[in-house]
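Down below is the structure, laid out as structure tokens.
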Amino acid sequence: MSPASEEHYSSYCEINRAMARALSRLRKRDAIWVHDYHLLSLGKELRELTIEQPIGFFLHTPWPKPDVIERVPHHLDLMQSMLAYDLVGFQTRWDLDNFLSCLQVHLGMESRSDVVISERGLTRCQVFPIGIDPKQFAEYAVESLAEYRQQISSIQDKLNCTKLAIGVDRLDYTKGIDNRIKAVDQLLTNKPHSISLLQIGTSSRADIPAYSKYQREIASLVEDVNRKQRTDDGSEPICYWKDQFSQVELAGYYRTADVGVVTPLRDGMNLVAKEYVAAQDSNDPGVLVLSKFAGAAEELNENMALHVDPTSPDDIAAAISAAIEMPREERIERCEAMINTIEAYTIHDWSKEFVRELYPSRVAVPADHFRYLGFGWLNEAQVPMYATVEELNVAVKHVLRVRAGQSGGEPD
């Protein structure tokens, strides 16, 4: 490992320690909810400061398979530190299964019913697919068409009656924007004037060389395609905007677009997919083209969205072509199914469920129920809310054996 990597990891740990010291002032809080990979080890740092209340963690990004995580410096320490949390949440079942596989392969730790027993206690792992507020976004779409009518009309005027596809992303190399643009180029070569693309790409981490390089590549690719596919009247098929837009304004462009193109190489969820669906006119909706490697694809299955391989411009081009030719009846059927899905589990449901699951992460056990308590958990054993007494006994005995083995003794 390079000295730079060691230095970066030391800085990462120090930031987590600093956050823990700041949060330790909130000891009277009922629980603590930590978010994302920036703070993987915050729970461990809080435990070392004797924070006793339940601590939950939610990972917004994907969790990789065992052969990928081992390429991450200090991956063993990071995984071990995550077991300081009482509840660890993931976007998809794929992510959760990968995490448990990594624990088994790299740390030799088994799980039962998505619960992991460590020296600290029990860590529950659960899927919480993050959502949006679909009704609010539908209202935004109506509001946007009124407030931004002129701007939206100007885009439509430039299209010369072609269909419109929209992509909204951070300018990040994980978002697959380059393959999306290549797909539009291929489609226009085979079917001239069939589609236009409004690509909104907001700058992301431009001070990092890899990101700034990617942003230059995207700009150059757009110029090449526009030069190649420009019509006789000078119209260009790709409108590339790098401005920031409010959610209200975005909702209007979503509703105007015939196709929503969401093609990340890998994504934890990708809420643009859900926002696009929520903004649609239910009587004449657009079609969602969705990467099969986006977390949203687990909920918005192939009967709803058109799934694609985001690394294949050919696959993306074929899906966009199918989308613009799809009959209205099928578009309505697919859109209704997606709306029902995202309304069934909104951002409000997501937050409420996580907090609800976090509170019972620790269940007080009567002092006379077990002969052995005090595993660093004071006078309570950490068990899943759904555990039976028999399962609880098995868990406690297992921890006792682990602890006895470490101390060289045997429990009675």
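Which one of 163, 158 is touching a strand residue (DSSP E or B) at 6+ places or on another chain (Cβ under 6 Å), not assigned by TED's automatic domain parsing to the domain that holds residue 39 and not β-branched (Val, Ile, Thr)? Full working, then the answer.
Details: 158 fails: touching a strand residue (DSSP E or B) at 6+ places or on another chain (Cβ under 6 Å).
Matching residue, one of 163, 158: 163.
Any residue at all in region 212-230 that's in the same structural domain as residue 174 (by TED's automatic domain parsing) and in a loop (DSSP other than H, G, I, E, B)? Walk me through how you get there before you give the answer.
Initial filter on region 212-230 (in the same structural domain as residue 174 (by TED's automatic domain parsing)): 212-230.
Now narrow it down to the ones that are in a loop (DSSP other than H, G, I, E, B): 230.
Yes, region 212-230 has at least one match.
Taking the condition of being part of a helix (DSSP H, G or I) and farther than 18 Å from residue 74 by Cβ, how many residues in region 20-44 meet it?
From region 20-44, those part of a helix (DSSP H, G or I) are 20-26, 37-39, 42-44; that's our starting set.
Then keep just the ones that are farther than 18 Å from residue 74 by Cβ; that gives 21-26.
Qualifying residue count, region 20-44: 6.
Restrict the check to region 236-244 and report whether at least one residue is hydroxyl-bearing (Ser, Thr, Tyr) and out of contact with any Lys or Arg (no Cβ under 7 Å at 6 or more places or on another chain). Even if it seems obvious, please write down each step before you answer.
Initial filter on region 236-244 (hydroxyl-bearing (Ser, Thr, Tyr)): 240.
Filter once more, keeping what is out of contact with any Lys or Arg (no Cβ under 7 Å at 6 or more places or on another chain): 240.
Yes, the conditions are met somewhere in region 236-244.
Just to check your reading of the model, which residue among 265, 300, 271, 250 is touching a residue at least 24 places away in the same chain (Cβ under 8 Å), of a type in the set (A, V, I, L, M), within 23 Å of residue 159 (Cα to Cα) and assigned by TED's automatic domain parsing to the domain that holds residue 144?
Every option except 250 fails the conditions.
Has region 236-243 got at least one residue that is touching a His at 6+ places or on another chain (Cβ under 9 Å) and either outside the structural domain of residue 143 (by TED's automatic domain parsing) or within 21 Å of residue 322 (Cβ to Cβ) (or both)? Break it down stepwise before answering.
As a first pass, look at region 236-243 and keep what is touching a His at 6+ places or on another chain (Cβ under 9 Å): 237.
In the following step, the residues that additionally are either outside the structural domain of residue 143 (by TED's automatic domain parsing) or within 21 Å of residue 322 (Cβ to Cβ) (or both) were identified as 237.
Yes - at least one qualifying residue is present in region 236-243.
Return yes or no: is residue 60 surrounded by fewer than 21 Cβ atoms within 10 Å (Cβ to Cβ) and assigned to a loop (DSSP other than H, G, I, E, B)?
Numbers: surrounded by fewer than 21 Cβ atoms within 10 Å (Cβ to Cβ): yes; assigned to a loop (DSSP other than H, G, I, E, B): yes.
So residue 60 passes the test.
Please work out which one of (1) basic (Lys, Arg); (2) within 24 Å of the chain's Cα centre (by Cα); (3) buried (at least 17 other Cβ atoms within 10 Å of the Cβ) is the condition residue 205 fails and give its number.
(3)
Among the residues of region 139-170, which ones are surrounded by fewer than 20 Cβ atoms within 10 Å (Cβ to Cβ) and among the hydrophobic types (A, V, I, L, M, F, W, C)?
142, 145, 146, 152, 155, 159, 161
Would you be able to say whether some residue in region 292-305 is closer than 22 Å to residue 191 by Cβ, aliphatic (A, V, I, L, M) and crowded, with 18+ Cβ neighbours inside 10 Å? Outline the logic, then answer.
Initially, region 292-305 is screened for residues closer than 22 Å to residue 191 by Cβ, giving 305.
After this cut, where a residue has to be aliphatic (A, V, I, L, M) as well, the list is 305.
From what's left, crowded, with 18+ Cβ neighbours inside 10 Å: 305.
For region 292-305, residues closer than 22 Å to residue 191 by Cβ, aliphatic (A, V, I, L, M) and crowded, with 18+ Cβ neighbours inside 10 Å: present.
With a cut-off of at least 3 residues that are within 26 Å of residue 282 (Cβ to Cβ), name the strands (runs of 3 or more DSSP E) lying wholly within region 114-187. Walk me through it before giving the result.
Details: elements: 115-117, 122-127, 163-170.
Once the strands (runs of 3 or more DSSP E) in region 114-187 are filtered for at least 3 residues that are within 26 Å of residue 282 (Cβ to Cβ), what remains is 163-170.
For region 73-106, give me each residue that is touching a residue at least 60 places away in the same chain (Cβ under 8 Å) and either surrounded by 23 or more Cβ atoms within 10 Å (Cβ to Cβ) or under 19 Å from residue 269 (Cβ atoms) (or both). If you could, list the steps in order and put the result at the bottom.
Step one: list which residues in region 73-106 are touching a residue at least 60 places away in the same chain (Cβ under 8 Å), which gives 73-74, 86-87, 89, 91-95.
If the condition is that a residue be touching a residue at least 60 places away in the same chain (Cβ under 8 Å) and either surrounded by 23 or more Cβ atoms within 10 Å (Cβ to Cβ) or under 19 Å from residue 269 (Cβ atoms) (or both), then 86, 87, 89, 91, 92, 93, 94, 95 are the ones that fit.
Have a look at 324, 332, 316 and point out the one that is touching a helix residue (DSSP H, G or I) at 6+ places or on another chain (Cβ under 6 Å), of a type in the set (A, V, I, L, M) and modelled with pLDDT of 95 or more.
Numbers: 324 fails: touching a helix residue (DSSP H, G or I) at 6+ places or on another chain (Cβ under 6 Å); 332 fails: touching a helix residue (DSSP H, G or I) at 6+ places or on another chain (Cβ under 6 Å).
Residue meeting the stated conditions: 316.
The values are calculated or read from the model by the stated rules, or taken from the named source; none is laboratory data. Because the structure is predicted, anything quoted here is derived from the model rather than measured. Methodologically, a virtual Cβ is constructed for each residue, glycine included, from the backbone with ideal geometry; neighbour enumeration extends over all protein chains shown.
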